[in-house]
Amino acid sequence: MIPYSRQSINKKDLDNVKKVLLSDYLTQGPEVKKFEKDIQSYLKVNYALALNSATSALHVACLALDLRKDDWLWTVPNTFVASANCAQYCDAKVDFVDINNETFNICFKKLEKKLKIAKKLKKLPKILVVVHLGGNPCDLFEIKKLSRKYKFKIIEDASHALGSKYRNSKIGNGKFSNVCVFSLHPVKPITSGEGGLAVTNDKKIYEKMKIFGNHGVTRSYKDLKKKIKSHWYYEQQYLGFNYRMSDIHAALARSQLSRLDQFIKTRNEIAELYKKEFKSLPIKFQSINNKSFSSYHLFIIYLNSKILKKNYDYYFNRLRKNKLGVNLHYLPLHKHPYYKKLKKYSNLNNSEEYSKSAISIPILNIFEKSKILKVIKTIKKVFSE
């Protein structure tokens, strides 16, 4: 089975991890701080916080932005559950904005319309989580203008988008959002095994995220309520969580980061080859804005149901039977039993149609010719039947 995405591990990665394993610090040592500095430099952002998952990063971002009971968080339905669950962890409410059926990202026009209605109802969101699906950047400039007008905060869920660019700058540079979150899961552009990042240009937000991710505990003298100058003294100031990244995970991530741009270059080469080879098939591809550069964490094909003779399940299952590890990213959140219980959601037609038409096909960090040719041959065969 050729997976839709997978990690690429080399000897340098193994050596870096081994070095930490033989050191004095497996966790709470120097490697995490080094990784955070590497990320700051790569993204050109002021602050970076390494955590044990992107889910944890989303949670501490919401806490740092003071999301509370009965506040509203909006996001898109076609995302992983963590993009919305972070609101539930804060006892806040969730609503969804439909997607654009070309970019598969949040629809700006539908967002603007929903905000106008919400203002009249006094139900404006405190936070909007924008998702760069598959590494394809949202139109952040336009969304930022709306955030100023309607006074909401922006979290970028860039779990797929480390290395992507928008308007010639890396996603995560902090120009268009309050916090940006990345995933370091093994299928993502680079991996730490399991891990995540939260980055920001705002020092106060960074310091809050840091303390929430470390049990709510601080040793920093300037933050102490009781000013005791001693190495042994510390305070728990909030109900926090153990979301820290270990030095073992950071060592792998640091090594991987040095190859990220090459990984993304290869993914873009594969994506362009797919577009060329599949242009005559009854499928379409995710539209990438000419101001953007995608990391291509995912390569999504969108089935033209009006032309195809069989239904979605037939093609999905045929690809799986032919040993392609295809997947759906994602089943709309409002269709899951948990969110169905919370409220009735409406005007999400594009997201629902997407889930009946989109298939993520294999795209990898390394151009493995035999695997890529098998993907091309299989796709052509299945969609020509």
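Since every read-out is calculated from the coordinates, none of them should be taken as a lab result. Given the structure is predicted, the values throughout are model-derived calculations rather than measurements. Cβ: placed from backbone, ideal geometry, glycine included. Neighbour counts: every protein chain shown.
For this structure, a couple of remarks:
- Max mean-square fluctuation residue, GNM over the chain, Cα-Cα springs under 10 Å, options 371, 321, 144: 321
- Diffusion of the stretch 2-257 by Stokes-Einstein, at 4 °C in a medium of 1.567 mPa s and with Rh set to the Kirkwood radius over alpha-carbon pairs, works out to 69 µm²/s.
- Alpha-carbon Debye profile of the stretch 310-385, log10 I(q)/I(0) at 0.12, 0.15, 0.17 Å⁻¹: -0.46, -0.64, -0.75
- Acute angle (nearest 10 degrees) that the helix 312-321 long axis makes with the longest principal axis of the chain, alpha-carbon atoms: 80 degrees
- Folded to 0 to 90 degrees: helix 369-382 orientation relative to the chain principal axis, Cα: 50 degrees
- q = 0.20 Å⁻¹, the stretch 238-385: log10 I(q)/I(0) [Debye, one scatterer per Cα]: -1.23
- Cα Rg over Rh - the stretch 191-297, Kirkwood: 1.20
- For the stretch 11-75, the alpha carbon positions stretch 48, 24, 20 Å along the principal axes, listed from largest to smallest.
- The stretch 80-98 and the stretch 102-168 have Cα centres lying 14 Å from one another.
- On full extension, the segment bounded by residue 175 and residue 235 gains 18.3 nm, given 0.36 nm per residue less the C-alpha separation.
- Using a cut-off of 30 Å between Cα atoms, the listed pairs 33/93; 149/203; 188/279; 69/119; 265/309 include 33/93; 265/309 as exceeding that distance.
- For the stretch 38-183, with +1 on Lys and Arg beta carbons and -1 on Asp and Glu, the positive-most of 53, 75, 135 along the dipole: 75
- Angle in degrees between helix 11-21 and the longest Cα principal axis of the chain, rounded to the nearest 10: 30 degrees
- Size of charge dipole - the chain - debye, nearest 20, with Cβ of Lys, Arg +1 and Asp, Glu -1, no other charges: 880 debye
- Full extension of the chain between residue 148 and residue 261 gives 37.4 nm of extra length, using 0.36 nm per residue less the Cα-Cα distance.
- At the listed q of 0.12, 0.14, 0.17 Å⁻¹, the Debye profile of the stretch 114-220, built from one uniform point per Cα, gives log10 I(q)/I(0) equal to -0.48, -0.63, -0.87.
- Here's the list of aspartates and glutamates a cross-link from residue 310 could span, going by alpha-carbon distance under 19 Å and ignoring same-chain residues fewer than 8 apart: 352, 353, 385.
- Debye, to nearest 20: dipole size of the stretch 260-382, +1 on Lys, Arg Cβ, -1 on Asp, Glu Cβ: 500 debye
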